[in-house]
Amino acid sequence: MSSPRFPSRLVAACVLPLAMLAAPAAFAHAHLKSQVPAADSVAAAAPKTIELHFSEGVEPAFTGISMQGPGAAVKLGKPAVDAHDKAVLRVPVQGAMPAGRYVVNWHAVAVDGHKTKGQYSFSVK
Ligand SMILES: [Cu+2]
């Protein structure tokens, strides 16, 4: 019992699940959700570590930050992801951070290979 509509139904049945499978990948980019010190916050003291919380796991070899202070770029150590949560990246601060405003430029490569980048700032009292 075959109807002429059968082929188009078959196509719809195949395309729909594929579209639904493809949708989550579009949201798998690593977006910056929060950070420590928080964006636009005023830290009471110079942080020892800059911590970034992404929406997805990131590749530490291709994810990192640069930080510009009031005078110069701040020297930073090697970024590392949390042992239990690949979405958390920590970057040790090695240079001095005198009082002032700091701009952080971050770039990330998610575990799915997609690249994202952004910028935020905070201040040290
Ligand atoms: Cu992605």
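The values are calculated or read from the model by the stated rules, or taken from the named source; none is laboratory data. Note that the structure is predicted; figures quoted are calculated from it, not measured. All Cβ positions, even for glycine, are placed from backbone atoms using ideal geometry, and neighbour counts span all protein chains on display. We work out accessible area using only protein heavy atoms, side chains counted, and drop any ligands, DNA or RNA first. Shrake-Rupley method; radii C 1.70, N 1.55, O 1.52, S 1.80 Å.
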**Report entry** Ordering of 31-44, 51-64 by packing [mean C-beta count within 10 Å, highest first]
**Finding:** 51-64, 31-44
Report summary line: Sorted by chain and then number, the residues having a modelled amide H within less than 5 Å of the amide H of Ile50, at least 5 places away or on another chain, are Val91, Val93
Query - Phi to ³J(HN,Hα) by Karplus 6.51 cos²θ - 1.76 cosθ + 1.60 over the range 75-82, Hz, x for Gly, Pro - result: 6, 10, x, 6, x, 9, 8, 4
Query raised in the report: Too long at a 22 Å Cα-Cα cut-off: which of Lys86/Lys125; Lys75/Lys117; Lys33/Lys75; Lys48/Lys125?
Result: Lys86/Lys125; Lys33/Lys75
Query raised in the report: For the range 96-107, in order, what is each residue's ³J(HN,Hα) by Karplus, 6.51 cos²θ - 1.76 cosθ + 1.60 with θ = phi - 60°, in whole Hz (x at glycine and Pro)?
Result: 6, 10, x, 3, x, 9, 10, 10, 9, 9, 10, 9
Report summary line: Semi-axes of the range 29-124 from the Cα gyration tensor (sqrt of 5 times each eigenvalue, largest first, whole Å) come to 23, 12, 12
Query raised in the report: What accessible area per residue, rounded to a whole number of Å², is obtained for the range 29-124 using a probe radius of 1.4 Å?
Result: 53 Å²
Query raised in the report: So, with a 1.4 angstrom probe, what is the percent of accessible area on the range 29-124 that is carbon and sulfur?
Result: 55 percent
